[in-house]
Amino acid sequence: MNHLNYITLYDCRLPDQTRQTLRLSYEVFGQPLHRAPVVVVNHALTGNSTVTGDSGWWKQLIGPGKVIDLHRYTVIAFNIPGNGYEGSTAHLLSNYRVFTTAVIADLFWKGLDALQIKQLYAVIGGSLGGSIAWEMAIQRPKAITHLIPIATNIQASDWLIGQVHVQESILAHSSHPLEDARKHAMLLYRTPASMIQKFNRHMEQEQYAVECWLNYHGETLKNRFQLLAYQLMNHLLKTIGKELTEDKLRIFATQTSAQITVIAIDSDYMFTQQEQQQTVEKLTKYGVDITYKEIQSIHGHDAFLLEYEQLNRLIKNLL
């Protein structure tokens, strides 16, 4: 873990009309604050604020001389409050069901306000992080120059909501909740073709290799995640665009000055290319400056973490 910085957000109003003081942790990479254009990077469900460096989960994209060039930009990455990255139970959220991606986006803006940053050169994120990027843009349509949501959508589909519901059941009723939930999730993140290519019915110590792989991912998650944190992050997925209506979308379209680049994955089961194309088509009709790009991969949703060469190529000209 790198050096975390902290901002205390006092008296935050939540959707159930309660108020809560929250601690927002974040990391800064590259150029010092207020010396260079700011790129906000939003982490995905099991990610965190360490986006670059030796243990950075997006270090193939972010670094000196890379696509998100730390010689040119100030990169800020917040932790979603309650994600457990601070390593203690003190800041987990027992009332996590109150939180939504819109609330998280608002907290990120409050953090940026505290840092006296009003304008962002870019906001980028994959999966859940990309959906929070959408929410940030909707809340402040003129504050972002480049919006780059990857492998995500502006609103949760029924398919995604159903998957979250199954995950909730596993987390609530399994005797090994984190391990079992992660095994189920890994199958959603990949595709049958990806599994066949990777394992081809190979055996390891009298088990199918795919079973060993799923067991490994389940055990790994259990060792680095707390149950309450994972419940929060899973819950947030079904809240994506929860309050978004056609009228709100139309208002956003008339107000936004962002150049939006949607990057989908052709084999994604979690956020399908079709739903992302529909979002692009709708916003195009409303006159938004929006472009659709696509990663070609057999690996499904996880391709945004695997297909770095394609992703670098797709966002290179934007940054």
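The values are calculated or read from the model by the stated rules, or taken from the named source; none is laboratory data. On a predicted model such as this, the values are computed, not experimentally measured, just so you know. Cβ coordinates were reconstructed from backbone atoms using ideal geometry, including for glycine residues, and neighbour counts include every protein chain displayed.
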Going by what's in this entry, would residue 110 be described as in contact with a helix residue (DSSP H, G or I) (Cβ under 8 Å, 6 or more places away or on another chain) and farther than 20 Å from residue 288 by Cβ?
no
Scope the range 188-209; condition in contact (Cβ under 8 Å) with a residue 12 or more places away in the chain and either of a type in the set (A, V, I, L, M) or more than 23 Å from residue 265 (Cα to Cα) (or both); matching residues
188, 193, 195
It is to be established whether one or more residues within the range 75-90 are in the same structural domain as residue 146 (by TED's automatic domain parsing), surrounded by fewer than 20 Cβ atoms within 10 Å (Cβ to Cβ) and farther than 27 Å from residue 217 by Cβ.
yes
Members of the range 61-95 that are within 18 Å of residue 131 (Cα to Cα) and aromatic (Phe, Trp, Tyr)
78
I need the full set of residues from the range 9-23 which are touching a Ser or Thr at 6+ places or on another chain (Cβ under 8 Å) and either in a loop (DSSP other than H, G, I, E, B) or buried (at least 16 other Cβ atoms within 10 Å of the Cβ) (or both), in order please.
9, 12, 15, 22
Six or more apart or on different chains, Cβ under 6 Å: which pairs go from a residue in the range 28-56 that's under 19 Å from residue 149 (Cα atoms) to one that's part of a loop (DSSP other than H, G, I, E, B) and aliphatic (A, V, I, L, M)? Could you list them?
38/117; 41/51
What do you reckon, is residue 316 among the basic types (Lys, Arg) and surrounded by 16 or more Cβ atoms within 10 Å (Cβ to Cβ)?
no
When the residues of the range 24-51 are narrowed to those that are outside any loop (DSSP other than H, G, I, E, B) and either in contact with an Asp or Glu (Cβ under 8 Å, 6 or more places away or on another chain) or of a type in the set (Gly, Ala, Ser) (or both), which ends up surrounded by the fewest Cβ atoms within 10 Å (Cβ to Cβ)?
25
For the list (1) more than 23 Å from residue 186 (Cβ to Cβ); (2) within 19 Å of the chain's Cα centre (by Cα), I need the number of the one condition that residue 307 fails.
(1)
If I ask for residues that are β-branched (Val, Ile, Thr) and either surrounded by 19 or more Cβ atoms within 10 Å (Cβ to Cβ) or within 30 Å of residue 183 (Cα to Cα) (or both), which ones from the range 234-287 would you list?
239, 240, 256, 260, 261, 262, 263, 265, 272, 279, 280
Could you tell me whether the range 221-237 includes any residue that is of a type in the set (Gly, Ala, Ser) and either at pLDDT below 95 or touching a Gly at 6+ places or on another chain (Cβ under 7 Å) (or both)?
yes
In the range 132-176, which residue that is polar (S, T, N, Q) and either assigned to a helix (DSSP H, G or I) or at pLDDT below 95 (or both) is surrounded by the most Cβ atoms within 10 Å (Cβ to Cβ)?
167
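Can you tell me which of 314, 283, 305 is under 15 Å from residue 153 (Cα atoms) and in the same structural domain as residue 97 (by TED's automatic domain parsing)?
When all the criteria are applied, what remains is 283.
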Determine whether the range 193-213 contains at least one residue that is of a type in the set (S, T, N, Q), more than 24 Å from residue 104 (Cα to Cα), in a helix (DSSP H, G or I) and touching a Lys or Arg at 6+ places or on another chain (Cβ under 9 Å).
no
Residue list for the range 261-304, restricted to those being charged (D, E, K, R), within 19 Å of the chain's Cα centre (by Cα) and part of a helix (DSSP H, G or I):
275, 302
Residues in the range 65-123 that are more than 21 Å from residue 260 (Cα to Cα), in contact (Cβ under 8 Å) with a residue 24 or more places away in the chain, in a helix (DSSP H, G or I) and not aromatic (Phe, Trp, Tyr) total 7
Given the conditions (1) buried (at least 17 other Cβ atoms within 10 Å of the Cβ); (2) over 21 Å from residue 164 (Cβ atoms), report the number of the one that residue 54 does not fulfil.
(1)
